[in-house]
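What follows is calculated from the coordinates using simple rules that are stated; it is not laboratory data. Note that the structure is a prediction, hence the values are computed from the model and not measured. Neighbour counts are summed over all protein chains in view; Cβ atoms, including those assigned to glycine, are modelled from backbone coordinates with ideal geometry.
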Amino acid sequence: MTRVIEVENLTKIYKGNIKAVDDISFDVNEGALFGFLGPNGAGKTTTIKLLTTLASITSGKATVLGHDVSKQPNMVRKSIGIVPQDLTIDNELKGNENIMLAAKLYHVPNHVAKKRVEDLLELVGLTDAANRLVSTYSGGMRKRLELIVGLVHEPKVLFMDEPTLGLDVNTRKIIWDYIRELNKEKRVTIFMTTHYLEEADALCDVAAIIDRGKIRAQGSPQELKEIIGGEVITIELTKERDLQDFFSSIKGVKEVKKLGSTYGIKLGMAEDAIPAIIDGIYARGVKIKALSCSKPSLDQVFLEVTGKEFREEESAEAASRRQDIIARRG
Amino acid sequence: MLTETLALTVRELKKWIRTPASVFIALFQPLVWIALFGSAFNPTNLIPSSIATPEVMAQIRQSILGQTFGNAPNYITYLTGGILSLLLLFTSAFSGGSLVLDRRFGYLNKLLASPISRASIFLSRVFATVVKGMIPSLIVFFAALSIPDGLKLNPSFTLLDGLLIFLTLFLLSLGFSSLFTAIAMRMTKWESLVAVVNLLNLPLLFSSSALLPVTSMPDWLQAIAKINPISKAADATRTLIVQGSVDLSIIMLNLTYLIAFAAILTIAGGIASIIALRTE
Ligand SMILES: Nc1ncnc2c1ncn2[C@@H]1O[C@H](COP(=O)(O)OP(=O)(O)OP(=O)(O)O)[C@@H](O)[C@H]1O
Ligand SMILES: [Mg+2]
């Protein structure tokens with residue numbers, strides 16, 4: 001299989017010694033839908049900027065379709081499409097004018113462009129709104145327009161930075177279908193970033209988990225889940241008790257993690273161990289407040305490989321970091 | 001490069017036309033200037049009329065216009081060339097404005113990630129600004145002609161003189177738009193742009209012969225005014241208006257100066273922009 005994107009020991013250090021991307025390596029095969037999964041500030045956008053020639057590489061190497069990103073930027077630019085994280089369509093132009101302008105910038109002949117623009121607008125359901133100024137669009141409509149503006153020159157590789165950020169569940173599902181269609185039917189190789197685990201799980205063939213500039217794990221969502229192994233049961237006790245040693249001693253338990261009064265217990269074969277765990281808890285005079293048993297999810301993989309809870313990271317520290325980023329951009 | 005430059009220029013102009021306020025102001029402002037400067041600032045009115053009989057006053061006015069204002073029939077006629085030059089300076093000053101916004105809203109990144117020549121990003125703003133300045137200047141020219149006791153063209157004025165006036169203004173606009181676009185190339189804030197524009201505009205204006213003849217200035221200012229491109233454009237325009245179809249050699253020096261001014265700034269601005277747009 002041809003490798004469409006090759007990244008070797010890529011590092012980006014911004015001014016002020018901020019190491020946004022730290023020695024990462026990965027390949028994306030032709031036709032793949034590659035997901036870059038990580039919390040805010042992980043270095044996802046920076047990686048896209050490096051691969052799309054928008055930021056200079058500090059060290060390491062990256063090629064897209066065989067073209068060196070730093071040595072042949074124009075060759076790379078011709079063959080890629082970008083859907084940036086921030087909405088960047090021009091509000092003061094109409095929907096179709098935005099795409100036609102993109103077509104001109106990529107030297108798509110006029111008659112070809114007209115047909116494509118129609119098809120693309122149809123694809124995201126914007127045909128009726130095409131002739132309106134974008135300033136009259138809703139946020140979801142803008143996002144959908146943004147998705148197709150980068151496609152009018154039929155790029156072989158598409159970079160999407162958090163394509164479903166800030167969309168409602170319904171629109172997100174529509175966009176997922178659209179991304180799948182692009183990838184499976186139009187055979188566009190897609191590199192997308194997301195901080196929604198379920199998104200990577202639902203869409204991607206291959207995903208890499210990135211945190212603080214480093215890739216912590218990569219593989220198909222299935223392979224990533226296998227890092228966790230079998231099922232995981234989560235038990236919340238009515239009060240905090242140290243039962244770590246007891247759980248660990250039960251046959252079939254692979255690993256025990258404690259978070260306050262909640263335990264995450266990783267099992268080889270759940271059926272054998274569950275009764276023993278429950279009996280043991282009651283025998284020690286402790287009551288169970290909640291119990292759930294789950295197939296491994298990428299959430300747990302994330303917890304496993306980064307040693308921290310995904311959502312927690314997203315809320316506090318990263319929220320302030322995101323503020324920083326917005327402030328700096330503004 | 002041509003396709004992209006044209007497409008991006010059209011984008012600028014579309015956005016301009018769609019903001020009626022900006023078009024209206026671009027037209028209205030210079031008309032107000034002419035009306036205000038032309039009547040309130042009329043230097044020939046500064047002499048108290050009590051010092052002489054009306055006949056003597058009229059003579060004094062006439063001789064001021066004759067000697068100081070290069071034989072212009074009235075102050076508005078003297079002023080028009082200056083106001084047109086100013087109009088183009090002021091419209092050019094915000095030439096980089098859309099760049100600042102494009103950078104801020106991420107549109108610039110989209111342009112930079114596309115395989116367009118970086119020069120087209122620069123040139124499109126420059127060309128759009130020139131158009132945005134030339135259209136109002138045409139309108140102002142005809143408006144000044146049509147107001148009572150307004151602009152009076154020399155009877156020998158021909159179409160060629162008219163074209164030369166607009167060539168002069170075009171060169172001035174091209175030069176200043178290039179300068180101001182290049183300055184804005186790395187700016188991220190509208191406020192910085194306004195600051196720079198304010199810093200440059202008024203000194204450029206007052207060190208020129210746009211409003212008053214160079215001879216009324218102190219020596220040091222005269223030295224500056226003589227090399228100020230606004231003076232060159234204002235003087236050339238004025239000469240064409242007041243003297244009509246003239247011996248070209250009289251304005252040739254000014255025109256050559258402006259051609260050099262426009263060419264150097266466009267090329268230097270273009271190169272500076274390409275450097276400024278390099279990936280960090
Ligand atoms: N232009 C810049 N200059 C300096 N530091 C930067 C710049 N852009 C990003 N950073 C820093 O690099 C790190 C990675 O940022 P990046 O935007 O790549 O994160 P991300 O994974 O895309 O996050 P998010 O999910 O919030 O979009 C952050 O710590 C950020 O503060
Ligand atoms: Mg990002």
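Here are the numbers:
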quantity	calculated
Cross-link pairs A:Lys214/A:Lys266; A:Lys19/A:Lys49; A:Lys78/A:Lys104; A:Lys143/A:Lys214; A:Lys78/B:Lys14; A:Lys44/A:Lys94 - those with Cα-Cα distance over 19 Å	A:Lys214/A:Lys266; A:Lys143/A:Lys214; A:Lys78/B:Lys14; A:Lys44/A:Lys94
Chain A, dipole about Cα centre (Lys/Arg Cβ +1, Asp/Glu Cβ -1), debye to the nearest 20	740 debye
Projected-area mean, the protein assembly as shown, by convex hull of Cα positions, square nanometres	37.1 nm²
At least 27 Å along the helix axis (C-alpha) and Kyte average at least 0.0, DSSP helices within chain B	B:20-40, B:118-146, B:159-184, B:248-276
Selection from B:Pro155, A:Val157, A:Gly252, by position along the positive dipole direction of the protein assembly as shown (Cβ)	B:Pro155
Shielding by partners, peptide B:92-105 (average Cβ within 10 angstrom, other chains)	1
Partner chain coverage, peptide B:108-120 - average Cβ within 10 angstrom	6
Residue order, fewest to most beta carbons within 10 Å, for A:Val149, B:Val194, A:Val286	B:Val194, A:Val286, A:Val149
Amide H contacts of A:Ala55 (H built 1.01 Å from N, under 5 Å, at least 5 apart or other chain)	A:Leu50
Trypsin sites (Lys or Arg not before Pro) within segment A:36-128, DSSP loop, no more than 13 other Cβ atoms inside 10 Å	A:Lys71
Cα long-axis angle, helix A:169-184 against chain A (0 to 90 degrees, to the nearest 10)	70 degrees
14 Å beta-carbon shell around A:Gln244, net charge (K/R +1, D/E -1)	+2
Proxy reagent accessibility, fewest Cβ within 10 Å first, across A:Tyr137, A:Tyr14	A:Tyr14, A:Tyr137
Helix A:110-123 vs. chain A, principal-axis angle (Cα, 0 to 90°, nearest 10)	30 degrees
For segment A:28-84 versus segment A:152-224, the gap between their alpha-carbon centres in whole angstrom	14 Å
Principal-axis tilt of helix A:139-149 within chain A, Cα atoms, nearest 10 degrees	60 degrees
Cβ-based exposure ranking for A:Tyr282, B:Tyr78, B:Tyr107, in which fewest neighbours within 10 Å come first	A:Tyr282, B:Tyr107, B:Tyr78
Estimated 222 nm signal from helices in chain A, with DSSP H stretches of n ≥ 4 weighted -39500 (n - 2.57), rounded to 500	-12000 deg cm²/dmol
Neighbourhood charge, 14 Å Cβ-Cβ cut-off, centred on A:Asn110 and excluding it, Lys, Arg +1 and Asp, Glu -1	+2
Sites A:Asn110 and B:Ser146, calculated FRET efficiency, Cβ-Cβ separation with R0 41 Å, nearest 0.05	0.45
